[in-house]
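Written below as structure tokens is the structure these notes are about.
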Amino acid sequence: MERYYPVAVVTLLCCLLLFGMALTVARTHSKTGILAPAMTGDPLLERAVRAHTNSLEWLPVFLPSMWLFAIYWSAWWAAAFGALWIIGRIVYFVGYLEAPTKRYPGFLIQVVATFALLLGALGRIVYLWLTG
């Protein structure tokens, strides 16, 4: 039986990453004096909220792709692409907090990681289905 420990660790690291982003948004609310539920009024707060939300939007594409890649290809490769996704999201988040145009490198990193997992899993599943 394949061991999925590295993919499980990356999944939990994703949870910690999103929690850290949520804490940053909460701190930014306090720093700007704009208390929840308000989400607008200061560009820094708006960028923090958008960067966090964008990460949440990508999660339903990324996580199933990573797990299916692990099941049908390799847990270690899935975890490696997952770690790359996390790095990309960190670069994206930090860059976006500085300036909107600085988010692109991190976005590109996570897109490459996500689509490698998504297309890799899909291709393998279809191949096995058609040849099985």
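Of note:
- Hits in segment 90-132 - residues which are part of a helix (DSSP H, G or I), farther than 28 Å from residue 72 by Cα and either at pLDDT below 95 or not aromatic (Phe, Trp, Tyr) (or both): 91, 94, 95, 97, 98, 100, 101, 102, 103, 105
- Within segment 68-84, tally of residues that are part of a loop (DSSP other than H, G, I, E, B) and without any contact (Cβ under 8 Å) to a residue 40 or more places away in the chain: 1
- Residue within segment 22-32 that is among the hydrophobic types (A, V, I, L, M, F, W, C), closer than 22 Å to residue 9 by Cβ and either without any contact (Cβ under 8 Å) to a residue 12 or more places away in the chain or surrounded by fewer than 19 Cβ atoms within 10 Å (Cβ to Cβ) (or both) present: yes
- Of the residues making up segment 33-61, those that are among the aliphatic types (A, V, I, L, M) and either touching a residue at least 12 places away in the same chain (Cβ under 8 Å) or touching a helix residue (DSSP H, G or I) at 6+ places or on another chain (Cβ under 7 Å) (or both) are 34, 35, 36, 39, 44, 45, 48, 49, 51, 56, 59, 61.
- Residues in segment 87-132 that are touching a helix residue (DSSP H, G or I) at 6+ places or on another chain (Cβ under 6 Å), surrounded by fewer than 19 Cβ atoms within 10 Å (Cβ to Cβ) and among the β-branched types (Val, Ile, Thr): 125 alone.
The values are calculated or read from the model by the stated rules, or taken from the named source; none is laboratory data. This is a predicted model, so every value here is computed, not measured. Positions of Cβ are generated from backbone atoms using ideal geometry, with glycine treated the same way; all protein chains shown enter the neighbour counts.
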